Amino acid sequence: MLLHPQLAMRNQWLLTLCLAILLSAKAYGESVSVRYLASTTGDQRSDYAIELLYLALEKSGLDHTMVGVTTRMQQQRALQEVIAGERLDVMWTMTSEDREAVARPIRFPVYRGLIGIRLPLVTEARIESLASVETLRDLQNLQAGQGYGWPDTEILAYNSLSVITGGDYRQLFPMLLQNRFDYFPRSVLEIWAEAEAYAEDGIVVSPHLALHYPAAVYYFVAPDNDALAEAIENGLETALADGSLEALFLGFYEHYLAQARLDDRVILELDNPLLPADTPLDRAELWYRP
């Protein structure tokens with residue numbers, strides 16, 4: 001028996017609606033787990049990157065669950081875990097040609113380039129040794145401390161600066177106190193919490209000097225994880241456009257930037273041989289300008 005055309009259209013509409021509801025329910029039930037490396041020691045250096053990742057994924061509309069993996073892991077090991085996709089889905093680290101060759105970068109500087117402005121942590125007894133530094137040649141007479149395998153280590157060495165490495169981030173503070181090296185260059189964004197944590201040991205921020213090299217920290221995912229990469233990128237662009245990224249950034253770091261007094265420092269410019277050609281230096285809105 002043939003249905004009246006209006007009844008047939010109504011039934012077709014109901015069928016389409018039911019199918020849409022079923023698909024939506026299925027999609028809702030398949031939340032994507034986004035695993036990232038969480039601190040096991042109360043270290044707050046990654047708080048902003050984690051909050052920005054939350055913001056980006058929220059803005060993206062991706063149905064997801066953030067899962068912090070609490071284990072100690074060096075940067076290179078974490079990158080391998082992201083590539084394999086077995087324990088981690090995303091990490092954030094300074095970009096380089098080598099890293100972009102093996103993992104997929106989201107070319108949006110997490111810290112807006114300020115990871116490349118470095119202030120020296122020193123012991124109180126070594127403040128004067130940096131106070132007389134005016135040129136890169138002056139600084140070559142002193143030794144910096146850095147972590148083994150950090151891109152910063154290679155950047156400093158490329159600029160003919162002497163570098164002593166430690167195998168673990170936490171080892172570097174006792175090494176500084178033991179005069180194993182003269183200064184520990186740290187990002188303008190992270191140095192203040194570190195100085196506060198070690199203030200009773202006599203570690204302070206040098207008031208005289210700053211180093212600068214162009215650098216970007218990106219989120220990295222596995223090379224074939226297109227969905228997560230696109231979600232993070234789209235979410236970051238949305239947060240940039242609606243002002244929520246700026247508000248988050250200033251909420252974390254505005255007071256640190258004021259504390260740094262960059263206008264009063266000798267700033268030594270370094271070359272960064274690791275900076276990939278695809279770094280979006282031409283997008284001024286992505287980079288913080290004091």
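Each value in this text was obtained by applying a stated rule to the coordinates, not by laboratory testing. Keep in mind it's a predicted model, so treat the numbers as computed, not measured. Because the Cβ atoms are built from the backbone with ideal geometry, glycine has one as well, and the counts that use them run over all protein chains shown.
Placing +1 on the Cβ of every Lys and Arg and -1 on the Cβ of every Asp and Glu, with nothing else charged, gives the chain a dipole about its Cα centre of roughly 540 debye.
222 nm [θ] for the chain, helices only, -39500 (n - 2.57) per DSSP H run of 4+, per residue, to 500?
On the way: 11 runs with 119 residues, N = 290.
When only DSSP H runs of four or more count, the value is -12500 deg cm²/dmol.
If I fit a long axis through the Cα atoms of helix 75-84 and take the longest principal axis of the Cα atoms of the chain, what angle between them do I get, 0 to 90°, rounded to 10? Approximately 20 degrees, to the nearest ten. With the convex hull constructed from alpha-carbon coordinates only, the chain shows a mean projected area of 19.2 nm² over all directions. Counting neighbouring Cβ atoms within 10 Å and putting the fewest first, the residues ARG35, ARG289 line up as ARG289, ARG35. Spacing of the modelled spin labels on LEU177 and ASP98, each 7 Å from Cα toward Cβ, amounts to 3.1 nm. Which values of log₁₀ I(q)/I(0), to two decimal places, follow from the Debye formula for the stretch 115-212 at q = 0.14, 0.18 Å⁻¹ with a uniform point scatterer at every Cα? Calculated log10 I(q)/I(0) at the listed q: -0.44, -0.76.
The distance separating the Cα centre of the stretch 215-246 from that of the stretch 126-177 comes to 32 Å.
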